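Colleague: Please find one structure pasted underneath; my questions will follow.
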Amino acid sequence: MPILVVEDEKKLSDILKRALKGERYSIDLAFNGEEGLEKAKRNNYSLILLDIRLPQKDGFTVCRELRQRQIHTPIIMLTAMGEVTDRILGLDAGADDYLIKPFSLDELFARIRAVMRRRRSTESDIIKVSDLVMDRKRHEVTRAGKLIPLTPKEYKLLDTLLSHHGEALTREKLLNYAWGPEFVEKGNELNVHIKYLRTKIDIGSKNPLVHTIRGVGFVLKESWLINSV
Ligand code: CA
């Protein structure tokens, strides 16, 4: 479970890295708000530990910008002050929890586990890759916050691709999942629906998500990851 630690104090950052690695988390570090924001936008972390007082961009701004981009990675804010206003601002900005420095590592681990537990109980309703979000409860799909109307078949196909995002899906698998095991493709149904889907979610985006894998099928993943299929 990858965790991003955004903390400019090198000493604390090192301690957190070592401690979290000891708990079997994989850790990525960022040392200012801008770097933290970029990394959080590009990668799918399980959690972000976000310091409030940061160079370039403070933690509130980073948190707010991530939420505005529909990036819902759980965030625990780290505040040095323990001031009530900081906590309120953090939670208002969309953070899941906060910790007051200095904190014990045991408390940090407990908070991480609690936030992840809470998130797991709701995550199956919402799937997100980059700025594409599917809310299964509401049966809604948005890209960069904009609602995208889909036909039932397109929705099913996208649901399949999202549920297996990052995984190369063969034509057989996609047809099986989205059309059902009884379905026999007569024409070009899969390609046609993939084309509709791309028109709706990818056209006009600098970061197309649906990619063809020649001779295999399709994959939904961020463009910058495409060479790692
Ligand atoms: Ca700081």
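The values are calculated or read from the model by the stated rules, or taken from the named source; none is laboratory data. Everything numeric here is computed off the predicted structure, so don't read it as measured data. Here the Cβ positions follow ideal geometry from the backbone for every residue, glycine too, while neighbour counts run over all protein chains shown.
Colleague: Mind listing just one residue for me: the one in segment 128-147 that is of a type in the set (A, V, I, L, M, F, W, C) and touching a residue at least 40 places away in the same chain (Cβ under 8 Å) and, of those, nearest to Asn44 (Cα to Cα)? Spell out how you get there, then give the answer.
Modeller: The first filter runs over segment 128-147 and keeps only residues of a type in the set (A, V, I, L, M, F, W, C), leaving 129, 132-134, 141, 144, 147.
Those still in the list that are touching a residue at least 40 places away in the same chain (Cβ under 8 Å) too: 129, 132-133, 141, 144.
Details: Val129: 8, Leu132: 13, Val133: 13, Val141: 19, Ala144: 16 Å.
Among residues in segment 128-147 that are of a type in the set (A, V, I, L, M, F, W, C) and touching a residue at least 40 places away in the same chain (Cβ under 8 Å), the one nearest to Asn44 (Cα to Cα) is Val129.
Listed here are the residues, each with its yes/no results for (1) β-branched (Val, Ile, Thr); (2) over 30 Å from Thr199 (Cα atoms).
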position	(1), (2)
Tyr98	no, yes
Pro102	no, yes
Asp106	no, yes
Arg119	no, yes
Asp125	no, no
Val129	yes, no
Arg138	no, no
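Colleague: Cβ-Cβ under 6 Å, sequence separation 6+ or interchain: first residue in segment 177-204 and within 23 Å of Ser223 (Cα to Cα) and surrounded by 17 or more Cβ atoms within 10 Å (Cβ to Cβ), partner at pLDDT 95 or above and hydroxyl-bearing (Ser, Thr, Tyr). Which pairs?
Modeller: Listed pairs, sorted by first residue: none to list.
Colleague: When residues of segment 78-92 are filtered for being under 15 Å from Ser13 (Cβ atoms) and either modelled with pLDDT of 90 or more or buried (at least 21 other Cβ atoms within 10 Å of the Cβ) (or both), how many remain? Reasoning before the result, please.
Modeller: Taking segment 78-92 and keeping what is under 15 Å from Ser13 (Cβ atoms), we get 78, 80.
From what's left, either modelled with pLDDT of 90 or more or buried (at least 21 other Cβ atoms within 10 Å of the Cβ) (or both): 78.
The total comes to 1.
Colleague: A further question follows. Identify the single condition in (1) within 11 Å of the ligand (Cβ to nearest atom); (2) free of Cβ contacts under 8 Å to residues at least 60 places away in the same chain that Leu78 does not satisfy, given that it satisfies every other one.
Modeller: Unmet for Leu78, out of (1) within 11 Å of the ligand (Cβ to nearest atom); (2) free of Cβ contacts under 8 Å to residues at least 60 places away in the same chain: (2).
Colleague: While we're on this one: At pLDDT 80 or above, surrounded by 14 or more Cβ atoms within 10 Å (Cβ to Cβ), under 20 Å from Glu23 (Cα atoms) and not assigned by TED's automatic domain parsing to the domain that holds Ala144: which single residue out of Arg117, Arg111 fits that description? Before the answer, list the steps.
Modeller: Working: Arg117 fails: surrounded by 14 or more Cβ atoms within 10 Å (Cβ to Cβ).
Of Arg117, Arg111, the one residue that is at pLDDT 80 or above, surrounded by 14 or more Cβ atoms within 10 Å (Cβ to Cβ), under 20 Å from Glu23 (Cα atoms) and not assigned by TED's automatic domain parsing to the domain that holds Ala144 is Arg111.
Colleague: Residue check, Pro55 against (1) at pLDDT 90 or above; (2) away from the ligand (no atom under 16 Å from the Cβ), all met but one. Which one?
Modeller: Result: Pro55 passes all but (2).
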